[in-house]
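Let me begin by presenting the structure, written as structure tokens, before commenting on it.
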Amino acid sequence: NLSAIPLAVRTTCPYCGVGCGVQATPLPDGSIAIAGDASHGANAGRLCVKGSALGETLGLDGRLLHPQLREGGALRRASWDEALDKVAGGWRDIIAEHGPDAVALYVSGQLLTEDYYIANKLMKGYIGSANIDTNSRLCMSSAVAGHKRAFGADLVPGCYEDLELADMVVLVGSNTAWCHPILFQRIVRAKEARPQMKLVVIDPRRTATCESADLHLPVKLGTDVWLFNGLLCYLAQHGVVDAGFVAAHTNGFDEALAAAHVDCADPLAVARACRVDPRDVLDFYAMFAATAKVVTAFSQGVNQSSAGTDKVNSIINCHLATGRIGRPGMGPFSLTGQPNAMGGREVGGLANMLAAHMELDRAVHRDTVQTFWDSPRIADRPGLKAVELFQAIEDGRIKAVWIIATNPLVSMPDANQVQRALEKCQLVVVSDIVEKTDTNAYADVLLPALGWGEKDGTVTNSERRIARQRGFLAAPGEARADWLALCQVARRMGFAGFDFAGVHEVFDEHARLSGYRNDAQGSPRVFNIAALAGMDRRRYDQLEPLQWPLRADPAGAVEGTPRLFGDGRYAHADGRARCVATAPRAPAHLPDADYPLALNTGRVRDQWHTMTRTGKSARLADHVPEAFVDMHPQDALLCGVREGELARVSTQWGAMVARVQHGGGIARGAVFVPIHWSGQTASDARVGALVNPAVDPVSGEPEFKHTPVRVEQF
Ligand code: SF4
């Protein structure tokens, strides 16, 4: 009886940016069997502990199942019609009285591309404001800004295979073993097969990733530009610069080198600034100089900084200087944190971007998008980035915000400011799968969303690979897809252009826009997935993972592109890449007598974000059961706290209580606190409340890795 055999659904893991393929099989007892998808290029059948526990996170306890409206201070159940009328009516009135910039969307790298596309279309093309930003601002916007400065567009040059083909992999500001485990396993396996392959880890902490490293440089927090500017000088001093490549394909090399020379020409000075052994710095520089096939992969330790964009460009400069880019086993590589940070970038989900990788500040791009959408208006200047957006809510410039699939009261820096902002906001709408979160406590309207396993759409992983996330569970209660709720509000506001028969039609429009006025004449845009336009529901459901840009052969078969820039052409108008002059600078706030240590934040292996899903799995919770502050034993002694005891951890922005621990490889002068715990747990352990709200001036990404902090007895 073939009908009795459970059918596996091929989908994508909803956690990190590796974007592993998953096979989910609904079993007769109602449980879901989870396995890796052997045919998926990212993971070839493997899953990490988080991915393999997905089946344990699908229970409906705690789910938001019906719309709710606040009345007389309390939330009550409401119909979708009531809730949507409240949102559309509220936004219409506020826009009529205060203009389009008085409303805002704050969305998430957890959204599927189709959700993101509709949110961006509504805000920029119909409301006419660019006040839509995303929690991806908090994790990879410095990489976006660095790519745009260097390459002319937000383009990741390489692919995962390059990390296996390289003779040297440099991991910067990335605990890859815990945060991108399957990709790390690929690196480790490649190294086992070719023991001569070198792994260098640059991280202030001695993390699990360092266990496989040939060299670990425990640089002082925030000194990456010193290290990579020093490397650029070393490459020039030792004749390793590829003068032919630099002359043929780049601008700005001499200026970048001159800027690096000011402080970083002497490796001893670099070692002193980075507080590492000079011999290790020289070993790293010599290894990099001697190895043609190098990949430098970087993540939040680079991006989450008030100098994040310069850090990214100081890395890219070294690859451009040596021509090590666009070829197998070479290149700078941005590791994205979230499952769809890349998809959000493709549809313009950031306040300073337009759809299909077009630019808000280019009239020709604004005209292209508005004409394609046939929309009544188009935003003509960048909107407010995440930190500014919540500041504008607090000071009353923004009067209505719709928060989708994110929990800013936990995850934003200076999270108490977000609380003050939402308390003052005239209309707070939250779409979520969870009923009770720190943010939902301030909602005037709660909209129940679909979760993983229920929703349908596409995501793009760190190597530009678009893949389907497929639903295999019925929508619980009255939960709806986010793209649909956004369309329903748009239609109630009187906007045409939001009639889609299904999510496949949203994707089709997105694909067509990427090809619209994007011919080979002049300077074609690199992001192009028009080869997927015109798919009906059946073909959309059968879509196989593909790396953009895409092209169709004469027979209609669609091919992806593993690597960019192999032809030496970049996306700047003149086709040349840019080396960007960068100068090292200190973090925005330095430790002082009151706050003598530096707070660093990050993930633990088995939890995801604010634990609303991974927190449901007992075996995942077992790994780290509660929030902690990890610090060097000597610093603990000076602070009068002991391992295993609770301590008060405070900054000038907020405070929390956490248990002291050692053993996380922390250097003197720094402490580490994980990001996952919230005010919903036993104690208010929102580390976001402690983090300073300083941002990078180019990208707007906050400085999560460096806040002056005090630890004392509780
Ligand atoms: Fe999911 Fe990332 Fe683990 Fe892959 S590596 S299974 S995408 S959490």
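Quick notes on this structure:
- Candidates Val364, Val410, Val369, Val418: the one that is outside any loop (DSSP other than H, G, I, E, B) and touching a Gly at 6+ places or on another chain (Cβ under 6 Å) is Val410.
- Phe245 assigned to a helix (DSSP H, G or I), touching a Gly at 6+ places or on another chain (Cβ under 6 Å) and aromatic (Phe, Trp, Tyr): yes
- Those residues of region 478-537 which are closer than 30 Å to Arg576 by Cα, touching a Leu at 6+ places or on another chain (Cβ under 7 Å) and not β-branched (Val, Ile, Thr), in sequence order: Ala511, Asn528, Ala531, Leu532
- Within region 659-680, restricting attention to residues that are small (Gly, Ala, Ser) and modelled with pLDDT under 95, the residue that is surrounded by the most Cβ atoms within 10 Å (Cβ to Cβ) is Ser678.
- Each residue in region 577-611 was checked for being of a type in the set (A, V, I, L, M) and within 16 Å of the ligand (Cβ to nearest atom), and 2 pass.
- Qualifying residues in region 55-69 (those that are in contact with a Leu (Cβ under 8 Å, 6 or more places away or on another chain) and among the aliphatic types (A, V, I, L, M)) - the one farthest from the ligand (Cβ to nearest atom): Leu69
- Take the conditions (1) within 16 Å of the ligand (Cβ to nearest atom); (2) touching a residue at least 24 places away in the same chain (Cβ under 8 Å); Ser52 misses just one of them, which is (2).
- Considering region 458-468, the residues that are out of contact with any Phe, Trp or Tyr (no Cβ under 7 Å at 6 or more places or on another chain) and outside any loop (DSSP other than H, G, I, E, B) include one that is farthest from Arg92 (Cα to Cα), namely Arg465.
- Only one entry in Pro376, Pro448 is touching a residue at least 24 places away in the same chain (Cβ under 8 Å), of a type outside the set (Ser, Thr, Tyr) and buried (at least 24 other Cβ atoms within 10 Å of the Cβ), namely Pro448.
- Taken together, the residues in region 44-67 that are surrounded by 21 or more Cβ atoms within 10 Å (Cβ to Cβ) and farther than 25 Å from Trp608 by Cβ amount to 1.
- In region 555-597, the residues that are hydrophobic (A, V, I, L, M, F, W, C) and surrounded by fewer than 18 Cβ atoms within 10 Å (Cβ to Cβ): Ala555, Ala557, Val558, Ala573, Ala583, Ala586, Leu590, Ala593
- Per this entry, Val506 is not counted among residues that are at pLDDT 95 or above and either assigned to a loop (DSSP other than H, G, I, E, B) or touching a Cys at 6+ places or on another chain (Cβ under 8 Å) (or both).
- Residues satisfying the stated conditions in region 24-49, i.e. closer than 23 Å to Asn461 by Cα and either within 8 Å of the ligand (Cβ to nearest atom) or among the acidic types (Asp, Glu) (or both): Gly36, Asp37, Ala42, Asn43, Arg46, Leu47, Cys48, Val49
- The lone exception for Asp374 - which of (1) on the phi > 0 side of the Ramachandran plot; (2) within 16 Å of the ligand (Cβ to nearest atom) it fails: (2)
- Strands (runs of 3 or more DSSP E) wholly inside region 32-129 that include at least 1 residues being of a type in the set (D, E, K, R): 68-71, 74-77
- Candidates Asp592, Asp635: the one that is outside the structural domain of Val156 (by TED's automatic domain parsing), over 20 Å from Phe151 (Cα atoms) and outside any loop (DSSP other than H, G, I, E, B) is Asp635.
- Residue in region 603-614 that is over 30 Å from His261 (Cβ atoms) and touching a Cys at 6+ places or on another chain (Cβ under 6 Å) present: yes
- The residues listed here are Glu82, Glu97; of these, the one that is in contact with a Leu (Cβ under 7 Å, 6 or more places away or on another chain), in the same structural domain as Asp133 (by TED's automatic domain parsing) and surrounded by fewer than 17 Cβ atoms within 10 Å (Cβ to Cβ) is Glu82.
Condition check ((1) under 25 Å from Val144 (Cα atoms); (2) of a type in the set (A, V, I, L, M, F, W, C); (3) in contact (Cβ under 8 Å) with a residue 40 or more places away in the chain) across all residues:
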position: Ala531; (1), (2), (3): yes, yes, no
position: Arg539; (1), (2), (3): no, no, no
position: Leu546; (1), (2), (3): yes, yes, yes
position: Gly556; (1), (2), (3): no, no, no
position: Gly560; (1), (2), (3): yes, no, yes
position: Gly568; (1), (2), (3): yes, no, yes
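- Looking across Ala356, Ala400, Ala415, one residue alone is over 29 Å from Ala53 (Cα atoms), over 20 Å from the mean Cα position of the chain (by Cα) and small (Gly, Ala, Ser). It is Ala400.
- Count of region 272-302 residues which are among the hydrophobic types (A, V, I, L, M, F, W, C) and closer than 28 Å to Arg137 by Cβ: 5
- Residue ID - farthest from the ligand (Cβ to nearest atom), chosen from residues in region 331-361 that are outside any helix (DSSP H, G or I) and small (Gly, Ala, Ser): Ala351
- Some residue of region 290-297 being within 16 Å of the ligand (Cβ to nearest atom) and crowded, with 24+ Cβ neighbours inside 10 Å: yes
- Test result for Gly21, surrounded by 22 or more Cβ atoms within 10 Å (Cβ to Cβ), modelled with pLDDT under 95, within 15 Å of the ligand (Cβ to nearest atom) and farther than 23 Å from Ala485 by Cβ: no
- A residue that is away from the ligand (no atom under 16 Å from the Cβ) and among the polar types (S, T, N, Q) occurs somewhere in region 177-200.
The values are calculated or read from the model by the stated rules, or taken from the named source; none is laboratory data. All values derive from a computational prediction rather than experimental measurement. Here the Cβ is made from the backbone with ideal geometry for all residues, glycine too, and neighbour counts use every protein chain on show.
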